[in-house]
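Report on the structure given below.
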Amino acid sequence: MVKKLFDSILGKNPVKNEDEYMELDLASYEGSTSEEPASMYVKIATIADLKDTPRVKDEVYNGNIVIVDIGRLKMDKVTFERVLKDLRDVARDVNGDIVGLGEQKYVIITPMSVKVSREKIGGGL
């Protein structure tokens, strides 16, 4: 079975029907089995208002990567610009990085020594 899987991935033996696909139980991968804390976390946040930014900024200052949904801010251009300025300032303060994704619906802010590549992997141009 493993040889078939590797052969199909490498193109030597293409998968012929649905019966040959392997089901993955993703629930077994959720949650960490280790009790040791990590040195860095990837946090998810939503900013709907200017008052939501301090918590995101704190996470970056604490050395975490934060993926922020800023889609709700699109309706208020002034707040949108102010929040993005605050987030850019944080990235600059910690010598991190900030990059927009998904037609500026998401922003990734990284702490010191973590940079986001602007090079896309796969999917064509």
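Assess whether Gly96 counts as being out of contact with any Gly (no Cβ under 7 Å at 6 or more places or on another chain) and touching a residue at least 24 places away in the same chain (Cβ under 8 Å). Spell out how you get there, then give the answer.
Working: out of contact with any Gly (no Cβ under 7 Å at 6 or more places or on another chain): yes; touching a residue at least 24 places away in the same chain (Cβ under 8 Å): yes.
When the stated conditions are applied, Gly96 passes them.
Within the range 35-49, is there a residue that is among the β-branched types (Val, Ile, Thr), farther than 18 Å from Lys115 by Cα, in a loop (DSSP other than H, G, I, E, B) and touching a helix residue (DSSP H, G or I) at 6+ places or on another chain (Cβ under 8 Å)?
Pass one, the range 35-49, residues among the β-branched types (Val, Ile, Thr): 42, 44, 46-47.
When the remaining residues are screened for being farther than 18 Å from Lys115 by Cα, the result is 46-47.
Going one step further and asking which of them are in a loop (DSSP other than H, G, I, E, B), we end up with 47.
Those left that are additionally touching a helix residue (DSSP H, G or I) at 6+ places or on another chain (Cβ under 8 Å): 47.
Yes, the conditions are met somewhere in the range 35-49.
Being over 14 Å from Tyr41 (Cα atoms) and touching an Asp or Glu at 6+ places or on another chain (Cβ under 8 Å) is the filter here; which residues of the range 84-110 pass it? So that I can check it myself, show each step before the final result.
Here is the first cut: in the range 84-110, the residues over 14 Å from Tyr41 (Cα atoms) are 84-107.
Once the filter is applied, which keeps residues that are over 14 Å from Tyr41 (Cα atoms) and touching an Asp or Glu at 6+ places or on another chain (Cβ under 8 Å), the range 84-110 yields Ala91, Lys105, Tyr106.
Taking the condition of being within 14 Å of the chain's Cα centre (by Cα) and in a helix (DSSP H, G or I), how many residues in the range 60-92 meet it?
Residues of the range 60-92 within 14 Å of the chain's Cα centre (by Cα): 60, 64-70.
With in a helix (DSSP H, G or I) added as a condition, the list becomes 60.
Final tally of qualifying residues: 1.
Which ones in the range 96-125 are of a type in the set (Asp, Glu) and not in a strand (DSSP E or B)? Walk me through it before giving the result.
Quick first cut of the range 96-125, residues of a type in the set (Asp, Glu) only: 97, 103, 119.
Scanning the range 96-125 gives Glu103, Glu119.
Every number here is computed from the coordinates shown, using simple stated rules; none is lab data. This one's a predicted model, so the numbers in the text were calculated from it and none came from an experiment. Please note: Cβ atoms are built from the backbone with ideal geometry, for glycine as well, and neighbour counts cover all protein chains shown.
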